[in-house]
Amino acid sequence: MKLNTKRTVLIGFAFMSILCFWQFYDQVIPYVLENVFGIGTFAANAIMSIDNVLAIFMLPLFGAISDKTRSPLGKRTPYILFGTIAAVIIMVIMAYMQETKNIWGFLVALFLILFTMAVYRTPAVAYMPDVTEKPLRSKANAIINLVGYIGGIFAMGVMMLLLKSEKNADGSSVYSENQSFIPVYLIIAAFMLISVLIMVFTVRENKVLAETNIHDEEEKTGSGKLPRPVFKSLVFILLSVFLWFMAYNAVTTAFSRYCVNIWGADLSVSSGYLMVATIAAIISFVPLGFVSGKLGRKKTILLGVALMTACYLSAVFIKAQTPVMYLLFGLVGIGWAAINVNSFPMVVEMSSGADVGKYTGIYYAFSMAAQITTPLLSGLLIDKLGFGYNILFPYAVVFSTLAFITMLFVRHGDSKPSAEKAALENLGGVE
């Protein structure tokens, strides 16, 4: 049993397109809302959270709908292709609305693109497990994540080259006034469309499904009801997903303010540490896919969670800016990669071929729910209850520890190949 690496990379182009958009969205749209249209920070944050709220309901829904779709293009490809085309058209409209300072037109277009992205995100992610044998899904997911991050890096590069920035009096970076954002919108849109078109024309979904025959029996028997022990494992891994996102996203969301308030550092200092975590994760994705093939997914995840918890705990005692934090954030990135490579395959392992999309949507719904909850809860502790930013890393330790505990109760979804099979596969290479 060998992983078709070329096909996996090409399927990852859809995820690359998606991450390119979200990198652009997270970096540019808050600035546009506040500085181009004069919307207050609270209202801008509320608008920015719409995608997470939509995701909770729409990702499971359209995952399940795509499970039942049958078309000449397949069951996932139509959503990916036509969803991307719609998103690209809406991005052009958004650029025009921003350029003409039409706030209501911009907000309507923004809502439409968030709706569109929610429609095809789950089908794009569910595509990989559709055409990949269960024991190989961690390796395949590592490749998908690696390819996806290329899209995020491309978006960052475009924004760095085409958008001029300047320093405010408080030392924070802002985009210079009187510059056009249209080239950025158009380049990001073109990258998204080209990426997906490459995937569509090089990987014929129905043909691949017919060749692999991975889910033939499962499709015949249908999804059905999970056995009680499997359902229990599903509940515990979804709780784990929620809890480790509560920890990780609290840190990434509030760390820039932590640097200012606890270390007295410049607002830009946090970017260097977070970049180290991202680079470490990218480098680790593929090696960790192979590690999980040896140790098993559950053990690899537990090691990742333990590593992150230890780093959060160590950071509690660091009260000034130090190079040690680069090491800690590098280790956090490795731990985060160990979790991401294996947690999604464990969830879809419990599904059948008939409901991979539904389980994919449920997985993302839990991660999105955490990303909505943790800024509010951590903000309540930091601001309203008066703990200050010193509570940030203890908060992360608590939720990360809880994730480790709930993960211990997961008994299914760990498709570890035998040592003999793993050795033969590594000797034989990949296609």
* **Contacts under 8 angstrom Cβ, first residue in segment 259-273 being modelled with pLDDT of 75 or more, partner of a type in the set (Val, Ile, Thr) and buried (at least 16 other Cβ atoms within 10 Å of the Cβ), 6 or more apart** => 259/269; 263/269
* To do: Check segment 93-101 and report whether any residue there is under 18 Å from residue 197 (Cα atoms), in a helix (DSSP H, G or I) and in contact with a helix residue (DSSP H, G or I) (Cβ under 6 Å, 6 or more places away or on another chain).
  => no
* Asked: Of the residues 251, 286, 260, which is hydrophobic (A, V, I, L, M, F, W, C) and crowded, with 22+ Cβ neighbours inside 10 Å?
  -> 251
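Residue-wise test of (1) under 19 Å from residue 249 (Cβ atoms); (2) over 21 Å from the mean Cα position of the chain (by Cα); (3) buried (at least 23 other Cβ atoms within 10 Å of the Cβ); (4) modelled with pLDDT of 90 or more.
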| residue | (1), (2), (3), (4) |
| --- | --- |
| 275 | yes, no, no, no |
| 294 | no, yes, no, no |
| 300 | no, no, yes, yes |
| 308 | yes, no, yes, yes |
| 316 | yes, yes, no, yes |
| 324 | no, yes, no, yes |
| 335 | yes, no, yes, yes |
* Asked: Is one or more of the residues making up segment 209-230 hydrophobic (A, V, I, L, M, F, W, C), at pLDDT below 90, assigned by TED's automatic domain parsing to the domain that holds residue 329 and assigned to a helix (DSSP H, G or I)?
  -> yes
* To do: Among the residues of segment 135-145, write down those that are out of contact with any Pro (no Cβ under 8 Å at 6 or more places or on another chain) and not aliphatic (A, V, I, L, M).
  => 139, 145
* Looking only at segment 73-81, decide whether some residue is of a type in the set (D, E, K, R) and touching a Phe, Trp or Tyr at 6+ places or on another chain (Cβ under 6 Å). => yes
* Asked: What are the residue pairs meeting all of these: first residue in segment 40-66, first residue within 16 Å of residue 369 (Cα to Cα), second residue among the charged types (D, E, K, R) and assigned to a helix (DSSP H, G or I), Cβ atoms under 9 Å, and 6 or more apart or on different chains?
  -> 48/26; 55/121; 58/121; 59/121; 60/358; 61/358
* What number of residues in segment 360-418 are among the polar types (S, T, N, Q) and in a loop (DSSP other than H, G, I, E, B)? -> 2
* Structure fact -> Residue hits (segment 68-84; part of a helix (DSSP H, G or I) and over 21 Å from the mean Cα position of the chain (by Cα)) are 78, 82
* **Members of segment 20-42 found to be part of a helix (DSSP H, G or I), touching a Phe, Trp or Tyr at 6+ places or on another chain (Cβ under 9 Å) and surrounded by fewer than 22 Cβ atoms within 10 Å (Cβ to Cβ), listed by number** => 23, 28, 31, 32, 35, 36
* To do: List every residue pair whose Cβ atoms sit under 7 Å apart, with the two residues 6 or more apart in sequence or on different chains, where the first one lies in segment 160-189 and is in the same structural domain as residue 37 (by TED's automatic domain parsing) and modelled with pLDDT of 90 or more and the second, anywhere, is not aromatic (Phe, Trp, Tyr) and not in a helix (DSSP H, G or I).
  => 184/163
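The values are calculated or read from the model by the stated rules, or taken from the named source; none is laboratory data. Values in this document were obtained by computation on a predicted structure and should not be read as measured data. Cβ: placed from backbone, ideal geometry, glycine included. Neighbour counts: every protein chain shown.
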